[in-house]
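For reference, the structure discussed in these notes is given below.
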Amino acid sequence: MALVSIAAGLVLSCSQSDEKLPILGRREAVTKVVDGKSVTDSVYQTIPDFAFVSQYGDTVTAKAVANKIYVADFFFTSCPTICPKMKVQLKRVYETFKGNPDVMLLSHTIDPAHDSVAVLREFADNLGVSGRQWLFVTGDRETIYDIGQNSYMVTAQQDSSAPGGVVHSGAFILVDKQRRIRGIYDGTTQEGVDKLMNDINRLLAEYKS
């Protein structure tokens with residue numbers, strides 16, 4: 001059974017379309033001296049540097065999403081439950097923002113033992129995905145689980161009782177150009193993904209204002 005992060009509720013609470021999207025995750029106050037005065041700023045949780053391998057066999061690092069808004073998710077190609085729904089919905093996002101240089105999609109496999117580069121390439125091809133706007137990445141399993149749970153704030157772990165032997169969130173995570181999480185959405189429903197696409201447009205507008 002998929003677990004969708006409760007942080008999604010924080011996103012749903014934002015009701016005014018002209019308001020800036022919230023910044024989710026941990027926050028700490030940092031005091032520094034500016035022009036002789038002590039100034040306290042909030043420092044928000046950000047997605048750390050990473051290094052994975054894409055469906056094209058090359059290394060994908062945080063540089064790939066530098067100065068871009070991106071949507072992250074966690075899946076595996078042989079998933080018998082929610083992944084097919086998620087990929088249908090994420091394909092809608094891909095088609096809507098296709099060709100926009102400010103938007104990327106980053107799908108992490110949580111079954112790297114099976115999801116080789118060749119398997120991910122075939123999976124992307126079967127979805128009709130080409131180019132580098134939507135990357136499917138693999139890597140060390142524990143590293144993927146760690147970044148999912150501790151940075152993207154979603155469930156990603158082994159569970160022998162779950163279908164496919166892995167339990168993971170059905171969430172899509174919206175990340176801004178500073179690698180801060182700005183929203184978490186139910187990636188299995190049209191309504192959740194409609195809100196995601198609306199919020200991508202809001203975030204794009206935020207950077208233009």
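The values are calculated or read from the model by the stated rules, or taken from the named source; none is laboratory data. Small disclaimer: the values here were computed from a predicted structure and weren't measured. For neighbour counting, all protein chains shown are included, and Cβ atoms are generated from backbone atoms with ideal geometry for every residue, glycine included. Note: areas computed on protein heavy atoms with side chains; ligands, DNA, RNA excluded. Shrake-Rupley method; radii C 1.70, N 1.55, O 1.52, S 1.80 Å.
With the condition kept exactly as written, say whether any residue in the range 149-166 is open to solvent by less than 10 Å² (accessible area, probe 1.4 Å) and modelled with pLDDT of 95 or more. Among the residues of the range 149-166, not one is open to solvent by less than 10 Å² (accessible area, probe 1.4 Å) and modelled with pLDDT of 95 or more, which makes the answer no. Scanning the range 113-130 for residues that are assigned to a helix (DSSP H, G or I) and either loosely packed, with under 13 Cβ neighbours inside 10 Å or in contact (Cβ under 8 Å) with a residue 24 or more places away in the chain (or both) returns Val117, Ala118, Val119, Leu120, Arg121, Phe123, Ala124, Asp125, Asn126, Leu127. Only one of the listed residues (Met104, Met86) is touching a helix residue (DSSP H, G or I) at 6+ places or on another chain (Cβ under 6 Å), among the hydrophobic types (A, V, I, L, M, F, W, C) and more than 12 Å from Gln55 (Cα to Cα). That residue is Met104. Checking each residue in the range 56-82 for being surrounded by fewer than 20 Cβ atoms within 10 Å (Cβ to Cβ) and in a strand (DSSP E or B) picks out Thr59, Thr61. Against the conditions (1) modelled with pLDDT under 95; (2) surrounded by fewer than 14 Cβ atoms within 10 Å (Cβ to Cβ); (3) out of contact with any strand residue (DSSP E or B) (no Cβ under 8 Å at 6 or more places or on another chain), Lys85 satisfies every one except (2).
What are the residues in the range 167-183 that are modelled with pLDDT under 95 and over 14 Å from Leu105 (Cα atoms), if any?
Our first condition is that a residue be modelled with pLDDT under 95; within the range 167-183, this holds for 167-171.
Selection gives Val167, His168, Ser169, Gly170.
Out of Val53, Val30, one residue alone is at pLDDT below 95 and open to solvent by less than 60 Å² (accessible area, probe 1.4 Å). It is Val30.
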